[in-house]
Amino acid sequence: MTILITGGTGKTGGRVAHRLDALGLPVRAVGRHSEPRFDWYDSSTWEGAVTGCTSAYVTFQPDIGLPGAGAILGAFARQAVALGCTRLVLLSGRGEDSSRQAEAAFIAAGAEWTVLRSAFFFQNFTEAFWAEEVAAGSLTMVESTVGEPFVDADDLADVAVATLLDPGHVGRIHELTGPRLITFRDIADEISSAGGRAVAFRQLPVPAYVDTLVSAGWSEEDATGLAYLFAEVLDGRNARLESGVSDVLGREARDYRDFARHALAPTAHHG
Ligand SMILES: NC(=O)c1ccc[n+]([C@@H]2O[C@H](COP(=O)([O-])OP(=O)(O)OC[C@H]3O[C@@H](n4cnc5c(N)ncnc54)[C@H](OP(=O)(O)O)[C@@H]3O)[C@@H](O)[C@H]2O)c1
């Protein structure tokens with residue numbers, strides 16, 4: 001009955017593992033530093049991670065929309081099914097053609113699958129990606145004035161647990177968004193007012209944005225892929241709300257302002 005969590009210490013994997021553990025369910029949370037070790041780019045590590053698990057919450061790193069993700073996810077899902085890990089819940093992104101292809105490869109493996117197609121997370125600004133820059137007082141993004149329906153990774157984790165435990169979600173795609181469209185400029189403003197210190201927003205053309213990612217340590221290939229993915233999904237295609245959170249949980253998704261007030265208040269505990 002053990003449930004495998006890939007990206008087990010990540011923004012969503014960590015939350016899913018914590019919830020399942022609190023329910024008294026056996027969990028195996030894996031990554032490149034766990035025992036057993038699991039690395040998406042070293043398929044020799046997959047069997048040891050999967051063997052003995054019957055279901056899995058699957059997050060791909062660094063991003064399901066990057067080239068090559070579909071081939072890796074398809075191969076992983078086939079191996080998981082062959083090893084008896086047949087119930088697979090995949091975290092995906094909204095609106096990206098490349099993510100659609102990765103989902104298709106995953107679905108074709110023959111598992112009892114569910115796909116969670118998620119908007120960008122609130123936690124990208126507090127736990128990852130932009131967190132360091134935001135803490136230093138700025139937020140940089142590709143040029144866009146389009147709103148994104150940012151979602152709380154805690155809502156997503158609640159949905160992941162519900163779908164893992166209820167076979168009624170097999171064969172379904174849930175689109176997960178928060179309750180409101182927010183631009184990156186709005187995010188900088190909301191963080192400024194909730195945190196009591198200014199976060200300056202700046203937007204850059206894609207090539208200049210790639211340069212900033214490369215200077216932050218990304219490879220040229222991944223930086224280019226990610227910058228174009230951002231530009232692709234911020235063209236308006238994702239600027240709509242979906243009901244996945246309330247469909248699965250029977251309650252509304254949390255709003256960013258509520259999250260920011262709790263997570264970013266000057267006296268808030270960051271843990
Ligand atoms: N961020 C968003 O707004 C957003 C929105 C929609 C969808 N997504 C999708 O969500 C996925 C990421 O999920 P997440 O944000 O929950 O995870 P995350 O926080 O990005 O992942 C970190 C976890 O992944 C592990 N990890 C890193 N590189 C790995 C590798 N090469 N092989 C195996 N494990 C590795 C890390 O552990 P170690 O460092 O110890 O290996 C850690 O446990 C991506 O596919 C992304 O496209 C993200």
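The values are calculated or read from the model by the stated rules, or taken from the named source; none is laboratory data. Because the structure is a prediction, the values reported are computed rather than measured. Here Cβ is always computed from backbone atoms with ideal geometry, including for glycine, and neighbour counts include all displayed protein chains. Just so you know, the surface numbers come from the protein's heavy atoms only, side chains and all, with ligands and any DNA or RNA stripped out. Shrake-Rupley method; radii C 1.70, N 1.55, O 1.52, S 1.80 Å.
Summary of values
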read-out: Net lengthening on full extension, ALA71/SER219 (0.36 nm per residue, minus Cα-Cα); value: 51.3 nm
read-out: The range 22-69-the range 189-233 distance, computed between alpha-carbon centres (Å); value: 28
read-out: Karplus-derived HN-Hα couplings along the range 143-159 (A = 6.51, B = -1.76, C = 1.60, θ = phi - 60°), whole Hz, x at Gly and Pro; value: 4, 5, 10, 7, x, 10, x, 3, 10, 7, 4, 5, 5, 4, 5, 4, 5
read-out: Amide N of the range 121-138 lying under 19 Å from the label point, which is placed 7 angstrom from the Cα of ALA208 along Cα→Cβ; value: 133-134, 137-138
read-out: Taking the chain and dividing mean pair separation by its residue count, relative contact order in percent (alpha carbons under 8 Å, at least six apart); value: 18
read-out: Where only C-alpha atoms are counted, convex hull volume of the chain per residue in Å³; value: 122
read-out: The chain: angle of helix 13-22 to the longest principal axis, Cα-based, in degrees nearest 10; value: 60
read-out: Candidate residues LEU164, LEU25: accessible-area rank, largest first, probe 1.4 Å; value: LEU25, LEU164
read-out: Inter-site label distance for THR54 and LEU83 at 7 Å from Cα along Cβ, in nm; value: 1.7
read-out: Spacing of the two label points (7 Å from each Cα toward its C-beta) at GLU132 and TYR41, in nm; value: 1.7
read-out: C-alpha long axis of helix 97-107 to longest principal axis of the chain, angle in °; value: 20
read-out: Enclosed volume per residue, in Å³, of the convex hull spanned by Cα atoms of the range 218-262; value: 134
read-out: Radius 12 Å from Cβ of ARG254, net charge of other residues (Lys, Arg +1; Asp, Glu -1); value: -3
read-out: For THR2, residues with placed amide H under 5 Å, excluding near neighbours; value: THR54
read-out: Proximal charge balance of ALA109 [Cβ under 13 Å; K/R count +1, D/E count -1]; value: 0
read-out: Sites ASP255 and ALA104, calculated FRET efficiency, Cβ-Cβ separation with R0 25 Å, nearest 0.05; value: 0.15
read-out: For the chain, calculated [θ]222 nm from helices alone, where every DSSP H run of n ≥ 4 adds -39500 (n - 2.57); value: -12000 deg cm²/dmol
read-out: DSSP bridge orientation in the chain - percent antiparallel, rounded to nearest 5; value: 5
read-out: Contour minus Cα-Cα distance for ILE173 and LEU241 (0.36 nm per residue); value: 23.0 nm
